[in-house]
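As C-alpha cells, the structure follows; a few thoughts come after it.
Bear in mind that the values in this text are calculations on the coordinates, not laboratory data. This one's a predicted model, so the numbers in the text were calculated from it and none came from an experiment. In this analysis, Cβ positions are derived from the backbone assuming ideal geometry, glycine residues included, and neighbour counts consider all displayed protein chains.
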Amino acid sequence: MEALEALLTRRSVRSYEARMPEQELIDKVMEAGLYAASGKNMQTAIIVEVTNKEVRDRLSVINAEIMGVTSDPFYGAPVVLAVLADKSSPNHVYDGALMMGNLMNAAHAVGLGSCWINRAKEMFEREEGKQMLREWGVEGDYEGIGFCILGYTTKEGKTAPRKANRIFYVR
C-alpha cells in the first residue's frame with residue numbers, strides 16, 4: 001500500500017476477530033512505531049506488546065473500570081500495544097503520540113485494524129499498573145500515552161466526512 005493511500009484510508013476499528021495476527025505483522029507494526037519522529041531524536045517512547053490473553057484481559061478490566069463501564073474497551077482485539085514515554089523529556093507526550101500514529105498507520109498498511117484506546121496514563125499511575133511494569137521489566141519513570149489495539153477486523157471502520165475550514169494559508 002502506498003504511504004499516502006494508507007494515511008487517507010486508515011480508520012479506527014472497533015470490532016475484531018479473536019484470531020491472533022502473525023508475529024511477523026505485529027513486529028512490522030512495532031518497528032514502524034520505533035521510527036516515529038521524536039523531540040531532539042531522544043526516542044523516549046517505548047512499546048510493551050501484550051499478546052498473553054490473561055494479561056490482555058486484565059488490562060481490559062482495569063481500563064473499563066477507569067472508564068466506568070463493564071464492556072471490553074479493547075473491542076475484542078487480541079493484541080494490545082501499550083505505549084509509554086519517559087517523563088524526563090519535556091516532549092514525552094508528543095513522542096508517544098507520534099509513535100501511536102505510526103503504529104496505527106503501519107497496522108493499516110499490513111492489513112490489520114487498529115484503534116487508539118485512552119486511559120493508559122491513569123492505568124500506569126495506579127499501583128497495580130506500576131507493578132505490571134515492574135513485572136514486565138520496564139524500569140524508569142514512564143507515563144502511559146495510549147494503547148494501540150491490533151487485530152483482524154470483523155467490519156470496517158467508519159469514514160467521517162472531513163470538516164471544512166481546517167486549513168489556513170499565510171502566503
Note to self: Could you work out [θ]222 nm for the chain from helices alone, using -39500 (n - 2.57) per DSSP H run of at least four and dividing by all its residues? Round to the nearest 500 deg cm²/dmol.
What the structure shows: -12000 deg cm²/dmol
Margin query: I want to verify a result. In a Gaussian network model of the chain, Cα cutoff 10 Å, which of these has the top mean-square fluctuation: 125, 143, 54?
Written below: 54
Next item on the list: Would you work out the charge dipole size for the chain about its Cα centre, treating the Cβ of every Lys and Arg as +1 and the Cβ of every Asp and Glu as -1, and quote it to the nearest 20 debye?
Entry: 920
Next item on the list: Report the one residue of 61, 88, 101 whose Cα lies farthest in the direction of the positive end of the charge dipole of region 3-151 (charges on C-beta: Lys and Arg +1, Asp and Glu -1; origin at the Cα centre).
Entry: 101
Margin query: Could you identify which residue out of 117, 66, 46 has the top mean-square fluctuation in a GNM of the chain using Cα springs shorter than 10 Å?
Written below: 66
Checklist line | Within region 119-171, chymotrypsin sites (Phe, Trp or Tyr not before Pro) in DSSP loop having at most 10 other beta-carbon neighbours inside 10 Å | finding: 168, 169
Next item on the list: Between beta-carbons, use under 11 Å as the cut-off and find the net charge around residue 143, counting Lys and Arg +1, Asp and Glu -1.
Entry: -3
Checklist line | Leading residue at positive end of dipole, the chain (Cβ point charges), from 170, 21, 77 | finding: 170
Check: Mind checking which of 161, 78, 90 has the largest fluctuation in a GNM of the chain, springs on alpha carbons under 10 Å?
Finding: 161
Notebook entry, point to check: How many lysine pairs does region 3-151 hold where the Cα atoms are under 17 Å apart and the two sit 8 or more places apart or on different chains?
Noted result: 4
Checklist line | region 65-115: Cα Rg divided by the 2.2 N^0.38 Å rule of thumb | finding: 1.38
Check: Where does each of 16, 75 land when they are ranked from fewest to most other beta-carbon atoms within 10 angstrom?
Finding: 75, 16
Item checked: region 108-167: trypsin sites (Lys or Arg not before Pro) in DSSP loop, at most 11 other beta carbons within 10 Å -> 155, 158, 162, 163, 166
Note to self: Tell me the net charge near residue 39. Cut-off is 14 Å between Cβ atoms, residue 39 excluded, with +1 for each Lys or Arg and -1 for each Asp or Glu.
What the structure shows: 0
Check: Cβ under 15 Å from residue 90's Cβ, residue 90 left aside: what net charge do those residues give with Lys, Arg +1 and Asp, Glu -1?
Finding: -2
